[in-house]
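The values are calculated or read from the model by the stated rules, or taken from the named source; none is laboratory data. What you are looking at is a predicted structure, and each value in this text was computed from that prediction instead of being measured. Cβ sites come from the backbone with ideal geometry, for glycine too, and all protein chains shown count toward neighbours.
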Amino acid sequence: MNYPFNNFSLIISIFILVSFISLSASADDTYNSEKKSVKEALAPNEDDESREEKIKDLFTKTKDNYSLLTKRSSISTVDFQYSYFASFQSTAILVDDRFSMSDLRSDSEREMATIFSFDHGIANNFTIGFSVPLYLKNSESQTITEADNGDTLVSLRWQPRPGVSGELTTLMYMAYSFASGLSPFEIELGEELSTGQGYPSLGIGLSFHKVFDPLVGFGSVSYTKNFNADELEQSRLFFLDADLPIEELTKDGVLREVNPGDTIAASFGISYAVTYDFTFTMQYQHSITDRSTLTWDYVSEVDETITESTESQIFDSGTIKFTAGWKGEDNKFRNLHVILPVTEGQPDIIIGITLPLFSAAGG
């Protein structure tokens, strides 16, 4: 007996099965073709840098102490930076020699800095740099505004051995700061604001970084020798280190010499390459400055010159820095950074942006 319906169903089933097999084969061919094209697109060409090199290049162009220039190449940048520092001071006021009242006074200081930098590659593994800052400062409580240059900085960066892909890259650097700004030990207190640290210094350090695609881990350690500032003649109020009545603890004297303590510092952070043109960096930096000694003298009631010395405490400074770096249409890099304090005695916030001025390729 013939079953037309069953024969028709069998034919349809075979057709569907053949069609499915054909479509599956076609899909596999399409997938394999697309997979192959994607692999070819992602594979580095002979004329292209590797992915690691691109990430390293992006990182080093946004972190000064971790970069070098090729021989005879130069680059110049300008950094605009704003900082704000607020403080509250409690002053004891003696009333009728019986009790004291506390007077809370606030002060704030704003600073606008424009820093011009120039780097030049002496050799492929040796770069020299110059930095000249200009400051505009304002103190609310003293109603003083000051505009002047800051301390000029000269730096050297050297890579002892060529970097190897996948390994730790190490750079050594040295920086000398000239006391070219207005010194806090030479200004007229209450009438001027300082724009420099007041003494020359020499720093040496070691920086290192390693690519963990798409992250870059980095860090540095440094030591800074701060040199003496002498032949000073600044009139100011001093506190005596003695067990004396409160009215005799302060003296009007003349500052003669400052012996600043040396500084050791360390930093570490990570940089994330969001794309080949954009990176985000987080960094923590901590420094410890040894005690500083101020030598000063005053004239006693019997016209005798008495020399005293005052010693400061060891000072710790900690900050967190966030940086966003990106490459513009001209293939030059820009940076935007924000610095926040972790310890006391630091500006409440620092905001800055670094822009390129010009560059010249090595020949």
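Quick notes on this one:
- Exclusive hit being among the polar types (S, T, N, Q), touching a residue at least 60 places away in the same chain (Cβ under 8 Å) and either in the same structural domain as Lys321 (by TED's automatic domain parsing) or on the phi > 0 side of the Ramachandran plot (or both), set Ser235, Ser220, Ser194: Ser220
- Only one entry in Glu186, Glu146 is under 20 Å from Thr114 (Cα atoms) and not hydrophobic (A, V, I, L, M, F, W, C), namely Glu146.
- Applying a threshold of 6 Å to beta carbon distances and a minimum spacing of six or more residues, or different chains, the list of pairs starting in segment 311-340 at a residue that is without any contact (Cβ under 8 Å) to a residue 40 or more places away in the chain and within 29 Å of Thr293 (Cα to Cα) and ending at one that is part of a loop (DSSP other than H, G, I, E, B) and hydroxyl-bearing (Ser, Thr, Tyr) reads Asp316/Thr343; Ser317/Thr343; Gly318/Thr343.
- Boolean, Phe238 is crowded, with 17+ Cβ neighbours inside 10 Å, at pLDDT below 95 and not charged (D, E, K, R): yes
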